[in-house]
Amino acid sequence: MSEKKYAYLEKYGIFRYSAPMNEYTSFKCGGPADFLITPAGYDEASEIIKYCVKENINYTVIGAGSNLLVGDKGIRGAVIRISEDMGIKGKIEIQGEFIYCDASVKKTDFIDFAVDNGFGGVEFAVGIPGSIGGGISMNAGTFMGTYIDILKKIRYIDKSGNLKVRDMSSTDAHYRHMDLDDAVIITGGYFMLPRTEDAGLLRSKIEDIINDRKFKHPWTYPSAGSVFKNPDGHQSWKLVNDSGLKGFRIGDAMVSELHTNFIINDGNAKAADIRRLIELIQKTVKEKFNVDMHTEIKMIGEF
């Protein structure tokens, strides 16, 4: 598609043609997107969706890129990036009984705001990378809880570009998945958090969680966090470890020796290398334990 067709979108945010996606994902790999735009705001994001629908432009929505593997051949069409580091400046504020948080806000900023204002219930999100929108869309969490435990409503842009609000409940959530078929772009969430009796103690607990994750997770290497969901009755890291795959590598894609549910980019890994390593792990675990491994990370674009 010619740049001329995308040119109309340039007024709605920060844009880039032939944008190398290795600069926008935590894996630090992936080929170019035809056109990447970070909207200046959510009204602008709505207009972008409307234009793409009208002109039959394929579009892909991403957040901070911490849970993505983009193919080496890149992404055709427009990539709409909801992130405050270049475009949308997110807001967090108390609205009645809720804390409202824009989707572009980093999880760390949301946690800090909650604790600063005397709220708890955010410990589960400590150490999870990315933005609030990404956390909502995949119902991110740990053994301590998930987003649906505190999420009561979302604001979003639907497939026609309309801004809407929707109530959320536990029936909308699954393990690492949220039923949001009509929501093309999540623009924010309304959270209900319990009051904390001792903010100092909570901060100490949060610091302990961060230190524990730094000790157990390969934070110094590019990765996308946990690669696989935990199958029923199993822990993914143990299945990978017990399959003898700790440290196994294809090119510069490597199963972390520190935490075997992480694949790290140990240099200049190609997306194809990471994908092949994922498939090898799935095949090996299936053959050894007859357990199916499903990914948490999303694979998009052309491989």
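The values are calculated or read from the model by the stated rules, or taken from the named source; none is laboratory data. Source: prediction; values computed, not measured. For neighbour counting, all protein chains shown are included, and Cβ atoms are generated from backbone atoms with ideal geometry for every residue, glycine included.
For the subset of the stretch 140-159 comprising residues that are at pLDDT 95 or above and either outside any strand (DSSP E or B) or among the aliphatic types (A, V, I, L, M) (or both), which member is surrounded by the most Cβ atoms within 10 Å (Cβ to Cβ)?
Per the criteria, the residue is 157.
Can you name every residue in the stretch 168-182 that is part of a strand (DSSP E or B) and over 19 Å from the mean Cα position of the chain (by Cα)?
We begin by selecting, within the stretch 168-182, every residue part of a strand (DSSP E or B); these are 173-174, 177-178.
Passing the criteria: none in range.
Across the stretch 183-200, what is the number of residues that are assigned to a strand (DSSP E or B) and either of a type in the set (A, V, I, L, M, F, W, C) or surrounded by fewer than 19 Cβ atoms within 10 Å (Cβ to Cβ) (or both)?
Selection size over the stretch 183-200: 6.
Just give me the residues in the stretch 114-123 being under 18 Å from residue 134 (Cα atoms) and either without any contact (Cβ under 8 Å) to a residue 24 or more places away in the chain or in contact with a strand residue (DSSP E or B) (Cβ under 8 Å, 6 or more places away or on another chain) (or both), in sequence order.
Answer for the stretch 114-123, where residues must be under 18 Å from residue 134 (Cα atoms) and either without any contact (Cβ under 8 Å) to a residue 24 or more places away in the chain or in contact with a strand residue (DSSP E or B) (Cβ under 8 Å, 6 or more places away or on another chain) (or both): just 123.
Within the stretch 50-69, can you find the residues that are in contact with a strand residue (DSSP E or B) (Cβ under 6 Å, 6 or more places away or on another chain) and either more than 22 Å from residue 18 (Cβ to Cβ) or outside any helix (DSSP H, G or I) (or both)?
Once the filter is applied, which keeps residues that are in contact with a strand residue (DSSP E or B) (Cβ under 6 Å, 6 or more places away or on another chain) and either more than 22 Å from residue 18 (Cβ to Cβ) or outside any helix (DSSP H, G or I) (or both), the stretch 50-69 yields 57, 58, 59, 60, 61, 62, 63, 64, 67, 68, 69.
With the requirement that a residue be of a type in the set (Val, Ile, Thr) and either in contact with an Asp or Glu (Cβ under 7 Å, 6 or more places away or on another chain) or under 15 Å from residue 110 (Cβ atoms) (or both), what does the stretch 149-165 give you?
Correct list: 150, 154.
Name the pairs whose Cβ atoms lie under 6 Å apart, with the first residue in the stretch 31-43 and more than 18 Å from residue 102 (Cβ to Cβ) and at pLDDT 95 or above, the second of a type outside the set (A, V, I, L, M, F, W, C) and in a loop (DSSP other than H, G, I, E, B), and 6 or more positions between them or separate chains?
Taking only residues 6 or more apart or on different chains, the pairs are 31/72; 31/73.
Quick check on the stretch 85-105: of everything there that is buried (at least 19 other Cβ atoms within 10 Å of the Cβ) and not β-branched (Val, Ile, Thr), which residue is farthest from residue 173 (Cα to Cα)?
Residue satisfying both the conditions and the ranking: 87.
Condition first: touching a residue at least 60 places away in the same chain (Cβ under 8 Å) and either surrounded by 18 or more Cβ atoms within 10 Å (Cβ to Cβ) or part of a helix (DSSP H, G or I) (or both). Now tell me which residues in the stretch 230-270 satisfy that.
265, 269, 270
Quick one: which residue in 228, 248 is within 27 Å of residue 123 (Cα to Cα) and not assigned by TED's automatic domain parsing to the domain that holds residue 139?
Among 228, 248, only 228 is within 27 Å of residue 123 (Cα to Cα) and not assigned by TED's automatic domain parsing to the domain that holds residue 139.
Go through the stretch 273-303 and report how many residues are touching a strand residue (DSSP E or B) at 6+ places or on another chain (Cβ under 6 Å), of a type in the set (A, V, I, L, M, F, W, C) and in a helix (DSSP H, G or I).
Within the stretch 273-303, residues that are touching a strand residue (DSSP E or B) at 6+ places or on another chain (Cβ under 6 Å), of a type in the set (A, V, I, L, M, F, W, C) and in a helix (DSSP H, G or I) number 2.
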